Amino acid sequence: MTAQRVYLFKRFERFWHWSQALLIVSLLLTGFDIHGLYHVLDFAAALRLHVLAALALVLLWVFAIFWHFTTGEWRQYVPTLEKIVLVARHYAWGVFRGEPHPYHVTPQRKHNPLQRLAYLWVKLMINPLVWVSGVALLSVALSWATPQAWGASIRTMAWVHTAGAYMMLFFFIAHVYLATLGATPLAYIKAMVTGWEVSEE
């Protein structure tokens, strides 16, 4: 096998990735503060920062969706089962034996089948949970009705929102961990900074 450098991630993709990561971390930190897991900010300040980060993330996603559809990059996320067993086997034990990754990236196929399924899970499961419950909670905060008038529904929405946050935290931790499994622990992270990744052919 020979190694070659491949330009995978365009400037906007890298900007979108790191901006999204920063906003999601901000939402997790302020959200858990609001929920009472710890107390760094007072409730009003944490809530204000949480809502601002959420609005910024929505705006970022609007631009990202527009970019993905106008450039055709949305095709990178279409699920596939091609080599999925080999990729799962690689992450289960092949990586610990120093075996090469069975999936070779190209500019047309940036994500392996497990990545595509993980992103689909985020988009179809986690995001709807977080956003629907978040909008419901925000509508309560902005309405003239008291929280007591909403009864048990506001508590249900708060717990749904928190469950979605924990699912996002799990995805984030797994994402960071898997990002360290390249040729070197920082190889994939460096690729997302520079745009260039070393691929085995």
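How much of the pair distance distribution for the stretch 92-201 lies past 19 Å, counting alpha-carbon pairs only, in percent? Roughly 60 percent, rounded to a whole number. Compactness check for the stretch 39-118: Cα Rg over 2.2 N^0.38 Å is 1.63.
Considering only Val95, Phe171, Ser199, and ranking their Cα positions along the charge dipole of the chain that arises from unit charges at the beta-carbon of Lys, Arg, Asp and Glu, the one farthest toward the positive end is Ser199. Ordering Trp159, Ile24, Phe63 by Cα displacement along the dipole of the chain toward the positive end leaves Phe63 in first place; charges were set at the Cβ atoms of Lys, Arg (+1) and Asp, Glu (-1). Please give the helix 127-142 orientation as an angle from the longest Cα principal axis of the chain, in degrees from 0 to 90, rounded to the nearest 10. Value to nearest ten degrees: 20. Annotation: Lys123 carries an accessible surface of approximately 100 Å², with a 1.4 Å probe and no ligand, DNA or RNA atoms counted.
Remark: the stretch 1-109 carries a charge dipole of roughly 440 debye about the Cα centre, counting +1 on each Lys and Arg Cβ and -1 on each Asp and Glu Cβ.
The accessible area of Phe12, taken with all protein chains in place and a 1.4 Å probe, comes to roughly 50 Å². Site pair Glu82 and Phe15 shows an inter-label distance of 3.1 nm when each label is modelled 7 Å from Cα along Cα→Cβ.
Placing +1 on each Lys and Arg Cβ and -1 on each Asp and Glu Cβ, with no other charges, gives the stretch 85-201 a dipole about its Cα centre of roughly 180 debye.
Around Arg14, under 14 Å between beta carbons, what's the net of Lys plus Arg minus Asp minus Glu among the other residues? Overall, the nearby charge balance is +1.
Simple point charges give the picture: +1 on the Cβ of Lys and Arg, -1 on the Cβ of Asp and Glu, and for the chain a dipole about the Cα centre of about 280 debye. Rounded to the nearest 10 degrees, the inclination of helix 11-35 to the longest alpha-carbon principal axis of the chain is 40 degrees.
Between Thr180, Gln4, Ser139, the Cα set farthest toward the positive side of the dipole of the chain (charges on each charged residue's Cβ, about the Cα centre) is that of Gln4. The HN-Hα couplings worked out from phi for the stretch 65-74 by the Karplus form 6.51 cos²θ - 1.76 cosθ + 1.60 (θ = phi - 60°) are 4, 4, 5, 4, 7, 6, 9, x, 5, 4 Hz, whole numbers, x standing for Gly and Pro.
Surface exposure of the chain, expressed per residue as accessible area with a 1.4 Å probe, stands at 62 Å².
Each residue of the stretch 85-101 was assigned a 3J(HN,Hα) from its phi angle through the Karplus curve 6.51 cos²θ - 1.76 cosθ + 1.60 (θ = phi - 60°); the sequence is 5, 5, 5, 4, 4, 4, 6, 6, 8, x, 5, 7, 9, x, 6, x, 5 Hz, with glycine and proline shown as x. Within the stretch 10-127, what whole-number % of the accessible surface is contributed by carbon and sulfur, with the 1.4 Å probe and all protein chains included in the calculation? Roughly 73 percent, rounded to a whole number.
The values are calculated or read from the model by the stated rules, or taken from the named source; none is laboratory data. All of these numbers come straight from a predicted model, not from anything done at the bench. Please note: Cβ atoms are built from the backbone with ideal geometry, for glycine as well, and neighbour counts cover all protein chains shown. We work out accessible area using only protein heavy atoms, side chains counted, and drop any ligands, DNA or RNA first. Shrake-Rupley method; radii C 1.70, N 1.55, O 1.52, S 1.80 Å.
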